[in-house]
Amino acid sequence: MSKREDEGCGRRRRTEVGQKSEDCVNPDSAVIAAFKVFQQELDTKHDKYERLVKSSRDITIESKRTIFLLHRVTSVPDVEEILNEADVKLDSVRQKIGQIAEELRGEDLHQFHRAITPGIQEYVEAVSFHHFIRHRTLISLEEINARLVFMRENKAVDEVTCPGPCVLTFQITPTDYLLGVADLTGELMRMCISSVGNGDMDTPFLLSGFLREIHDGFSFIGNTGPYEVSKKLHTLRQSLGKVEDACYTLRVRGSEIPKHMLADVFSSRAAHLDPDDAMP
């Protein structure tokens, strides 16, 4: 018998053995029934995970649009109109977070945290940027969570559960809050450059002091906090350095450089520092 014929016989024998083993499987076996239940649970979990990822992407997109809108406050006369428009956008973002809260009803948040954390961090960045423009202070985690309370209709699942309105809450984790605040520093740096370009010489010094306080707070955490927080500390220092560089230029060389050229000077200096942002 040739080698090719021997391999063909081997395949046929394995196929026959596989068919016999399938014929021997009892569909009413308790083991098969248990694994079917496991299959349904995993499919349900994976479907929910994908829905949460999609909701997180929608939250990220709407939050970025809100941040872009808020950057216009440095170039418009009516700041309150921009803030009111941003309030409407943030309300729509909260409704999407309410959908996440409804998906996570009765579930362990930590099992799905990776699916929603990018959108939640972007929302924290947007709402803290909005709060700073209006109040010139940093919004607290308690204030953010206080707005994430939703009224939903309670569906009657069994005879015990009665239909009617119920209260759903979503609690942002301290890690997501810190990561969102760390991203806020980049938006404040851009706001500083835009303010100087529009002739506002006071905002950079206000932002410099505010960023120093945030930097000091993150420095207290150091390496004791989550890895993601310590990783973003370098970016925070870069933003603070650019704002302090702008303040230095205003204080020391402000009388030498015409106001309409200050924004170009800062932009070129920031571009010169950008390669450092790629450091780990």
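The values are calculated or read from the model by the stated rules, or taken from the named source; none is laboratory data. Fair warning: this is a prediction, and the values are worked out from it, not measured in the lab. Glycine also receives a Cβ, built like all others from the backbone with ideal geometry; neighbour counts cover every protein chain displayed. Heads up: the accessible areas ignore ligands, DNA and RNA and are worked out on the full protein's heavy atoms, side chains in. Shrake-Rupley method; radii C 1.70, N 1.55, O 1.52, S 1.80 Å.
How much of ILE32 can a 1.4 Å solvent probe reach, expressed as accessible area in Å² and rounded to 10?
Its heavy atoms expose roughly 60 Å² to the probe.
Per-residue accessible area for MET151 at 1.4 Å probe radius, Å² rounded to 10?
In the full protein context, MET151 sits at about 120 Å².
Less than 20 Å from a label point 7 Å out along the Cα-to-Cβ axis of ASN198: which backbone N atoms in the range 46-75 qualify, by residue?
Once the point is set 7 Å along Cα→Cβ of ASN198, 64-75 turn out to lie under 20 Å by backbone N, inside the range 46-75.
Using the basic label-point model (7 angstrom from Cα toward the beta carbon), what is the TYR49 to ASP216 distance in nanometres?
4.4 nm
Note down, for the range 72-142, the three equivalent ellipsoid semi-axes (square root of 5 times each alpha carbon gyration tensor eigenvalue), biggest first, whole angstrom.
On the way: eigenvalues 169, 33, 18 Å².
Whole-Å semi-axes of the equivalent ellipsoid: 29, 13, 9.
Report the residues of the range 54-68 in range of a label on GLU107: point 7 Å along Cα→C-beta, backbone N strictly under 12 Å from it.
Of the residues in the range 54-68, 54-56 have backbone N under 12 Å from the label point off GLU107.
Which sequence of LYS36, LYS89 reflects their accessible areas, 1.4 Å probe, from the largest down?
On the way: LYS36 110, LYS89 60 Å².
Ranked from most to least accessible, the order is LYS36, LYS89.
Run the quick spin-label model on SER92 and PHE35: label points 7 Å from Cα toward the beta carbon, then report their separation in nm to one decimal.
4.8 nm
According to a simple spin-label model (label point 7 Å from Cα along Cα-to-Cβ), what is the distance in nm between SER140 and ARG114?
Output for this residue pair reads 3.4 nm.
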